[in-house]
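In what follows, a single structure is set out as structure tokens and then discussed.
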There are 2 protein chains.
Amino acid sequence: MNIPDVVRQMARDAKDAARKLSTLSRAVKDQVILQVAELLKERQAHLQAENARDVEAARQQSYPAAFIDRLTLSDKVMAAMVQGLKEVAALPDPVGAVTSMWVRPNGLLVGRQRIPLGVIGFIYESRPNVTVDAAALCFKSGNAVILKGGKEALHSNLALTALMQEALAAAQAPGAAIQVIPSVAREATLELLKQDELVDIIIPRGGEGLIRFVAEHSRIPVLKHYKGVCHIFVDEGADLGMAETVCFNAKVQRPGVCNAMETLLVHEAAAREFLPRMNRRFRAAGVELRGCPQTREIDPQVKPATDADWGFEFLDLILAVKVVPDLTAALEHIARYSSNHTEAIITRDYGRAQRFLHEVDSSVVLVNASTRFNDGGELGLGAEIGINTSKLHAFGPMGLEELTTTKFIVYGSGQVRT
Amino acid sequence: MNIPDVVRQMARDAKDAARKLSTLSRAVKDQVILQVAELLKERQAHLQAENARDVEAARQQSYPAAFIDRLTLSDKVMAAMVQGLKEVAALPDPVGAVTSMWVRPNGLLVGRQRIPLGVIGFIYESRPNVTVDAAALCFKSGNAVILKGGKEALHSNLALTALMQEALAAAQAPGAAIQVIPSVAREATLELLKQDELVDIIIPRGGEGLIRFVAEHSRIPVLKHYKGVCHIFVDEGADLGMAETVCFNAKVQRPGVCNAMETLLVHEAAAREFLPRMNRRFRAAGVELRGCPQTREIDPQVKPATDADWGFEFLDLILAVKVVPDLTAALEHIARYSSNHTEAIITRDYGRAQRFLHEVDSSVVLVNASTRFNDGGELGLGAEIGINTSKLHAFGPMGLEELTTTKFIVYGSGQVRT
């Protein structure tokens, strides 16, 4: 079979499997997930040998060290995979829950019941551990998943999938619940994106280039975020010690991720006291600061910001800093430049805290806390499969519940419509 | 300006308006909606004169009578529009509600708060009353809407929109909250479908051709249903009196709509008693029956069904009838042919009722009630803007709540991530 035929057949098999998965009990699902965890430990040497083939090939093609690091299934990464699986098994099963139920005047009892989405296409880049994490979340929420990993991780992904197949077979669960596309061709991705009759949603995870490619070519709805341009506004009268701690955490703790702060907005009444001490601390941590003219007047060491720095996702130890006259100006700046991902205010003022929460149109809006909390685990959803900054279906981090939808179930006693 | 420029500018204006709409109070929103109702009564003569231009043009182009009927703003249709607006004003405002809230171990208070989706593109066919119904639902839920109606209703739609603009202006609400594309060109629709940076969702309403066109060309997520191929399964041991009443209602009460029954499945143990009386009643109401060989053995007056009749949406007084050996066979038939819209079982058996509810993958699944209840108003959601048979965002009828999403709001006291 050629590649498009293979992908279409996988999609058909996934759809068949989805029907069975939707009624699988939690006990069976958890058994499979914990069995995968066991097998990961048992077969560690084999998996690392397969992974070494990918790593060796990447080395020969002179991929950068950071890339090779992400590609490698080290002992530490393998242990984290096992731990992650145990956590997913421990999470409640969202499927079947009736989220609300009510009686109509004619006696019909109407409820909304959680059901799986069906078939999920998951398209991602080089980290092979994502293969297992994503598969476990899709499986636990009763969905069939078709995985399309990065071309550099193919051997690793196929070995991991063979192992998951073994666990599925042991529990007599359908093998097509978890499939990896056995091809690295872009043609395979394009064919997957055409299966709108069989695949219910596409979740891409990776760089902005991958995500734009998927969004442009997909005929299936895509849950995605392109980037996280997170802002913190330090208000007049804020606790400046708290502001310093939170801003430092948001920028420095892990600068390469989507919920790190990229732009700091400071009320002009707080700027003269706050910026010198904050900037000192940032510089000591190696953060490059790029500021507006008012920022540079207060702290001449700050480089001038260009227009391109506002709304830019640095993903690095670089920060844009702007002094604003008031909350309204901060909200205007955020409305213009944010990516609808995460924004925070540091304030002591009740009214401005409420106004910020109310008016900012981002998936997570925080008062007096770090933007780094936009994360399924941190917000209490359990493990997350990704963050969605489109408003549809689930805005923000997506955990198990966000991989389900609801149908209406109706208990009647012979009612007809008049 | 040429048409694409006009549409792009409308989308930009809508996005600006959406920011203001998201914080509009319920009082102002209801005031606008009730003012539109008042103006509809005051300006009835003018609106009907504008509508008469559309109706006259349609007559000259020899449109069928049913089409002209749908196009006409009769006194009765106008009264229904006024009544519909009053009902929407009376519905609770979904925006701002915090649907759940919890405390994290670190003290963060995390909540999910309902917010509007943003900008909705609504594309529909000839009935001009839909212009007002849809605009009211979008406005009440805090969304800006761009309406693209059928070319035959342009004068009516522009007159209705001018009136809605007047009500918006009187309440100092943004005029771009409700806009009608002032062009009948397909080019305008295509341009709207490209505005994925400005428009959040597209809702098409009309025939399957329109909906497929929209789904194929849209870069924006589309909430839609192509068709409703609704099944009823009459189980062994069912109350056959109830089965007769429900099936008759589901097929005959309004055969041209998406929640009417198109295929009747009958357990073979019930068929010999049930089909003769049911078929007699159907025939008396002018229903053409097309059956499987077993059906025809019981009732030779039934025409033979062809393969094309299974899974076909007749939208007419035609019904496909099949005898099946058991519930499993009924579920198989439904899984293969249903449109995931609405299915019902008539049964007295507890276990089979539960199994049917559990396994059928449709937006509304009923026990002992007519498929005609798949409707926002009938299920208790209030007025509906449409029915979605894709699993994403909202599966089934969509009322005001389904035109919103949730963001996370987080109340902290200086928390950082470690």
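Pairs under 9 Å by beta carbon, first residue closer than 8 Å to A:THR371 by Cβ in the stretch A:341-354, partner part of a helix (DSSP H, G or I) and among the hydroxyl-bearing types (Ser, Thr, Tyr), six or more apart or different chains?
Note: pairs meeting the criteria are A:THR342/A:THR371; A:GLU343/A:THR371; A:ALA344/A:THR371.
What do you reckon, is B:GLY206 at positive phi and within 16 Å of the chain's Cα centre (by Cα)?
For B:GLY206, the condition - at positive phi and within 16 Å of the chain's Cα centre (by Cα) - is met.
Do we have any residue at all in the stretch A:71-86 that's in a helix (DSSP H, G or I) and touching a residue at least 60 places away in the same chain (Cβ under 8 Å)?
Within the stretch A:71-86 (the criterion being in a helix (DSSP H, G or I) and touching a residue at least 60 places away in the same chain (Cβ under 8 Å)), the answer is yes, since at least one residue qualifies.
Please go through (1) crowded, with 21+ Cβ neighbours inside 10 Å; (2) more than 10 Å from every other protein chain (Cβ to nearest Cβ); (3) in contact with a Ser or Thr (Cβ under 8 Å, 6 or more places away or on another chain) for B:GLY311 and return the number of the only condition it doesn't satisfy.
For B:GLY311, the failing item is (1).
Mind counting the residues in the stretch B:292-328 that are part of a helix (DSSP H, G or I), under 27 Å from the mean Cα position of the chain (by Cα) and either closer than 20 Å to B:PHE248 by Cα or of a type in the set (S, T, N, Q) (or both)?
Counting residues in the stretch B:292-328 that are part of a helix (DSSP H, G or I), under 27 Å from the mean Cα position of the chain (by Cα) and either closer than 20 Å to B:PHE248 by Cα or of a type in the set (S, T, N, Q) (or both) gives 1.
For B:ILE385, only one of the following conditions fails: (1) more than 30 Å from A:GLY380 (Cα to Cα); (2) at the interface with chain A (Cβ under 7 Å from one of its Cβ atoms); (3) among the hydrophobic types (A, V, I, L, M, F, W, C); (4) touching a Leu at 6+ places or on another chain (Cβ under 7 Å). What is its number?
Unmet condition: (2).
With the requirement that a residue be aliphatic (A, V, I, L, M) and farther than 28 Å from B:LYS391 by Cβ, what does the stretch A:74-130 give you?
A:VAL77, A:MET78, A:ALA79, A:ALA80, A:MET81, A:VAL82
From the list A:ARG348, A:ARG355, A:ARG336, which residue is in a loop (DSSP other than H, G, I, E, B) and over 23 Å from the mean Cα position of the chain (by Cα)?
None of the other options fit; the residue is A:ARG348.
May I ask you to say which residue of B:VAL234, B:VAL214 is within 20 Å of the chain's Cα centre (by Cα), of a type in the set (Val, Ile, Thr) and surrounded by 18 or more Cβ atoms within 10 Å (Cβ to Cβ)?
Step by step, each of B:VAL234, B:VAL214 is checked, and only B:VAL214 is within 20 Å of the chain's Cα centre (by Cα), of a type in the set (Val, Ile, Thr) and surrounded by 18 or more Cβ atoms within 10 Å (Cβ to Cβ).
Which members of the stretch A:403-418 meet the condition of being among the basic types (Lys, Arg) and either more than 8 Å from chain B (Cβ to nearest Cβ) or in contact with a helix residue (DSSP H, G or I) (Cβ under 8 Å, 6 or more places away or on another chain) (or both)?
A:ARG417
Could you check A:LEU331 against (1) without any contact (Cβ under 8 Å) to a residue 24 or more places away in the chain; (2) under 22 Å from A:HIS225 (Cβ atoms) and say which number it fails?
(1)
Please go through the stretch B:369-380 and pick out each residue that is of a type outside the set (Asp, Glu), over 12 Å from the mean Cα position of the chain (by Cα) and either assigned by TED's automatic domain parsing to the domain that holds B:GLY84 or surrounded by fewer than 23 Cβ atoms within 10 Å (Cβ to Cβ) (or both).
B:LEU379, B:GLY380
Listed here are the residues, each with its yes/no results for (1) buried (at least 24 other Cβ atoms within 10 Å of the Cβ); (2) under 24 Å from B:ARG43 (Cβ atoms).
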position: B:ARG112; (1), (2): no, no
position: B:GLY121; (1), (2): yes, no
position: B:VAL132; (1), (2): yes, yes
position: B:LYS140; (1), (2): yes, yes
position: B:GLU191; (1), (2): no, no
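Given the residues A:HIS155, A:HIS231, A:HIS225, which is the only one that is in contact (Cβ under 8 Å) with a residue 40 or more places away in the chain, in contact with a Phe, Trp or Tyr (Cβ under 8 Å, 6 or more places away or on another chain) and not basic (Lys, Arg)?
Unique residue meeting the criteria: A:HIS231.
If you scan the stretch B:369-382, which residues turn out to be of a type outside the set (S, T, N, Q), on the phi < 0 side of the Ramachandran plot, facing chain A (nearest Cβ under 7 Å) and outside any helix (DSSP H, G or I)?
B:ALA369
Taking the stretch B:393-416, which residues are touching a strand residue (DSSP E or B) at 6+ places or on another chain (Cβ under 8 Å), of a type in the set (Gly, Ala, Ser) and on the phi < 0 side of the Ramachandran plot?
Those that are touching a strand residue (DSSP E or B) at 6+ places or on another chain (Cβ under 8 Å), of a type in the set (Gly, Ala, Ser) and on the phi < 0 side of the Ramachandran plot: B:ALA394, B:GLY412, B:SER413.
Evaluate the stretch B:94-105: report whether one residue or more is assigned to a helix (DSSP H, G or I) and either within 10 Å of chain A (Cβ to nearest Cβ) or within 30 Å of B:GLN44 (Cβ to Cβ) (or both).
No: the stretch B:94-105 contains no residue that is assigned to a helix (DSSP H, G or I) and either within 10 Å of chain A (Cβ to nearest Cβ) or within 30 Å of B:GLN44 (Cβ to Cβ) (or both).
How many residues does the stretch B:383-418 contain that are touching a residue at least 24 places away in the same chain (Cβ under 8 Å), part of a loop (DSSP other than H, G, I, E, B) and among the polar types (S, T, N, Q)?
Summing the residues that are touching a residue at least 24 places away in the same chain (Cβ under 8 Å), part of a loop (DSSP other than H, G, I, E, B) and among the polar types (S, T, N, Q) in the stretch B:383-418 gives 2.
What are the residue pairs meeting all of these: first residue in the stretch B:127-141, first residue in contact (Cβ under 8 Å) with a residue 40 or more places away in the chain, second residue buried (at least 24 other Cβ atoms within 10 Å of the Cβ) and aromatic (Phe, Trp, Tyr), Cβ atoms under 6 Å, and 6 or more apart or on different chains?
B:ALA134/B:PHE122
Please enumerate the residues belonging to the stretch B:39-55 that are surrounded by 12 or more Cβ atoms within 10 Å (Cβ to Cβ) and free of Cβ contacts under 8 Å to residues at least 40 places away in the same chain.
Within the stretch B:39-55, B:GLN44, B:GLN48, B:ALA49, B:ALA52, B:VAL55 meet the criteria.
Tell me, please, whether a residue that is within 12 Å of another protein chain (Cβ to nearest Cβ) and not in a helix (DSSP H, G or I) can be found in the stretch B:265-283.
Checked the stretch B:265-283: no residue is within 12 Å of another protein chain (Cβ to nearest Cβ) and not in a helix (DSSP H, G or I).
Can you spot a residue in the stretch A:348-361 that is facing another protein chain (nearest Cβ under 10 Å) and in contact with a Gly (Cβ under 7 Å, 6 or more places away or on another chain)?
no
When both residues are 6+ apart or on different chains and their Cβ atoms are under 8 Å apart, which pairs have a first residue that lies in the stretch B:293-320 and is over 19 Å from B:PHE233 (Cβ atoms), and a second that is among the small types (Gly, Ala, Ser)?
B:LYS303/B:GLY291; B:PRO304/B:GLY291; B:LEU315/B:GLY256; B:LEU315/B:ALA260; B:ASP316/B:GLY256; B:LEU317/B:ALA285; B:LEU317/B:GLY286
Mind telling me which of the residues A:VAL321, A:VAL365, A:VAL266 ends up being in contact with an Asp or Glu (Cβ under 8 Å, 6 or more places away or on another chain), buried (at least 22 other Cβ atoms within 10 Å of the Cβ) and among the β-branched types (Val, Ile, Thr)?
One residue alone meets the criteria, A:VAL365.
In the list A:LEU400, A:LEU392, which residue meets the criterion of being crowded, with 18+ Cβ neighbours inside 10 Å, more than 11 Å from every other protein chain (Cβ to nearest Cβ), touching a Pro at 6+ places or on another chain (Cβ under 6 Å) and under 30 Å from A:ASN129 (Cα atoms)?
So the residue among A:LEU400, A:LEU392 that is crowded, with 18+ Cβ neighbours inside 10 Å, more than 11 Å from every other protein chain (Cβ to nearest Cβ), touching a Pro at 6+ places or on another chain (Cβ under 6 Å) and under 30 Å from A:ASN129 (Cα atoms) is A:LEU400.
Looking at A:LEU366, A:LEU331, A:LEU289 in this structure, which one is under 22 Å from A:GLU402 (Cβ atoms), in the same structural domain as A:MET278 (by TED's automatic domain parsing), at pLDDT 95 or above and not in a loop (DSSP other than H, G, I, E, B)?
A:LEU366
The values are calculated or read from the model by the stated rules, or taken from the named source; none is laboratory data. Because the structure is predicted, anything quoted here is derived from the model rather than measured. All Cβ positions, glycine included, derive from the backbone under ideal geometry; neighbour counts span all protein chains shown.
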